[in-house]
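A.B. asks: Following this message is one structure expressed as structure tokens.
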Amino acid sequence: MKLIYYPGCTLKNQARNFDVSTVSSMEKLDVEVEELDRWNCCGTVHALDSDNVMNRVAPITNMIRVKETQAKTEGMASEFMTSCAMCYNTLKRANIDVKQRADALATINDFLSLETTKYEGDVEVLHLLEYLRDRVGFDKLAEKVTRPLKGLRVACYYGCLLMRPKEVAFDDVENPTIMENLIRALGATPVDFSHKAECCGAFHTVGKPEIIAERTDKIMGSAQEEQADLVVVSCPLCAFNLDFRQDDAKRLNPDFQNMPVLYFTQLMAIAFGCDDAALRFDLHHIDPLPVLAARGLD
Amino acid sequence: MEPTLRITTARTERDFVAKIEKISGQKLLACYQCGKCSAGCPMASHMDVLPNQIIRLAQLGMKEQLLAARSIWMCVSCLTCNSRCPKDIKIAEVIESLRMTVLRDGERNDYLKIMELSPEARSVLPPIATISAMRKLTS
């Protein structure tokens, strides 16, 4: 299987661990991923003002790059995959928007007049989780597990971007279970917790980190109440907030207990027996090794 | 005798209401004030005007109160309100249109002053945080 892969800016910076674990685990699943040539910013947050066409230019330029890659690669479908929840949401929403609004698409194509390829709404955006469920299959994925994550208690955190709005959701909006099903296939035990689809505070981390401290305390606290060993995410912004703002959460609430935050792809990489270079635990604030060691997974 | 209160059908802020409805693409009068948006809002505790109250003030064209509200900068567009509204009103879009009304007025009324952050604070932030904050809170 061949697949175009869109990493996004943060996966090439602070979230290298998300990038390398995505690529390494796809290799183990015999999926040939090819990084999109000349990709640019996804748009980073879908603009909600309906008269805003400018902010759709970045995502649509990526669609054009996908068409160009597809045209010169045999056996490549007109689709691409991203593992970042923000990229997925922004790219998918822009795609839906221009498919529904021919005038906006015409304006964007006019603006991009130097491009030789025109966008015609003919590219599909996929999130890695839905690709794993619908194309690979969790049962097939389970066959590749060489190191089951036995005994590991995992709280799956969805945040806002994977399941809202419902037009982009690939599972139940209020109570998604796709990550839990993946975690089960890896041999771990998913734990349900009250704040799995609550917002982490997102970009307020820039100007109002005290808001993130309060959100982190609530979200991580609710996972701790269910005796989770760690939290998994699909968004580098959630990861930053829930991991790096734990010191602030501790200042706010002295009873706050530190807990590591991992990407779901890192758990796949461990379960598939990828080497340590695919995990990059050096990029974490709270070290995941002690809880993994306690379950014999170091 | 001078009246103390005059009830009139004239709507002084008709243009403002029309503009908000146009930018947001929402019909404000659809709201019947059930309050579900405010009940589920993760930022409600940081707001001075709750999401359902924002819709009510917008229906009435109370421009000054809305554009001065802290709430319009607190909303992070998590879309919990949108996905739970029984009347399918996109509350987050209404709030975005209020932010845009301030940010597009040509005076650079940026809510986030990115250059005032310390170099240390800026250096740890991932690009996903900085770019999304600037997209939402600066003109």
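A.B. asks: Treating the angle as unsigned and between 0 and 90°, give the value, to the nearest 10°, between the Cα long axis of helix B:91-103 and the longest Cα principal axis of chain B.
C.D. replies: Rounded to the nearest ten degrees, it is 80.
A.B. asks: Let me ask something else. By the scheme Lys and Arg +1, Asp and Glu -1, what is the net charge of all other residues having a beta-carbon under 12 Å from that of B:L66?
C.D. replies: Local net charge: +2.
A.B. asks: Apply the Karplus parameterisation 6.51 cos²θ - 1.76 cosθ + 1.60, with θ equal to phi minus 60°, to every residue of the stretch B:48-62 and state each ³J(HN,Hα) to the nearest whole Hz, in sequence, with x for glycine and proline.
C.D. replies: Using θ = phi - 60°, the values come out as 8, 10, 6, x, 5, 6, 4, 5, 4, 5, 5, 4, 8, x, 7 Hz.
A.B. asks: With everything on Cα atoms, drop me the angle between helix B:14-24 and the longest principal axis of chain B, reported from 0 to 90° to the nearest 10.
C.D. replies: The helix B:14-24 is inclined about 40 degrees to chain B.
A.B. asks: Over the Cα atoms of the stretch B:9-108, what is the Rg over Rh ratio if Rh follows Kirkwood?
C.D. replies: 0.94
A.B. asks: Relative to the longest principal axis of the C-alpha atoms of chain B, give the angle of the C-alpha long axis of helix B:127-137, reported between 0 and 90° and rounded to the nearest 10°.
C.D. replies: Helix B:127-137 sits at roughly 30 degrees to that axis.
A.B. asks: With unit charges on the beta carbon (Lys/Arg positive, Asp/Glu negative), name the residue among A:A104, A:C87, A:C160 whose Cα is farthest towards the positive pole of the charge dipole of chain A.
C.D. replies: A:C87
A.B. asks: For B:D88, project a label point 7 Å along Cα to C-beta. Then give me every residue of the stretch A:120-163 with its amide nitrogen under 20 Å of that point.
C.D. replies: Counting only backbone N, you get A:163.
A.B. asks: How big is the dipole moment of chain B about its Cα centre under a simple scheme where the beta carbon of each Lys and Arg is +1, that of each Asp and Glu is -1, and everything else is neutral? Debye, nearest 20, please.
C.D. replies: 380
A.B. asks: List the residues, sorted by chain then number, that are 5 or more residues from A:Y263 or on another chain and whose placed amide H is less than 5 Å from its amide H.
C.D. replies: A:V233
A.B. asks: Given that compact globular proteins tend to follow 2.2 N^0.38 Å, what is the ratio of the alpha-carbon Rg of the protein assembly as shown to that value?
C.D. replies: Rounded to two decimals, the normalised Rg is 1.02.
A.B. asks: What is the list of residues in the stretch A:5-29 whose amide nitrogen lies under 19 Å from a point 7 angstrom out from the Cα of A:A277, following Cα to Cβ?
C.D. replies: Residues A:12-13, A:15-29 qualify, since their backbone N sits under 19 Å from the label point.
A.B. asks: Once the other residues with Cβ under 15 Å from the Cβ of B:S83 are scored (Lys, Arg +1; Asp, Glu -1), what is the net sum?
C.D. replies: Residues close to B:S83 contribute a combined charge of +1.
A.B. asks: A further question on this structure: How many Å³ per residue does the convex hull of the Cα positions in the stretch A:83-220 occupy?
C.D. replies: Once divided by residue count, the hull of the stretch A:83-220 is 159 Å³.
A.B. asks: Once you keep just the Cα pairs under 8 angstrom separated by 6 or more residues, what percentage relative contact order results for chain A?
C.D. replies: About 19 percent, as a whole number.
A.B. asks: Using a Förster radius of 30 Å, what is the FRET efficiency between A:T107 and B:R104 based on their Cβ-Cβ separation? Nearest 0.05, please.
C.D. replies: About 0.95, to the nearest 0.05.
A.B. asks: Counting pairs of alpha carbon atoms under 8 Å apart in space and at least six apart in sequence, what relative contact order in percent does chain B give?
C.D. replies: 24
A.B. asks: With a 10 Å cut-off between alpha carbons and a GNM built on chain A, which of A:N40, A:N17, A:N62 moves the most?
C.D. replies: A:N40
A.B. asks: For chain B, which cysteines have no second Cys with its Cβ under 4.7 Å from theirs?
C.D. replies: B:C31, B:C34, B:C41, B:C75, B:C85
Read the figures in this text as sums done on the coordinates, not as results from a lab. Keep in mind that what you see is a predicted model, and the values were worked out from it rather than measured. Positions of Cβ are backbone-derived with ideal geometry, glycine not excepted, and every protein chain shown enters the neighbour counts.
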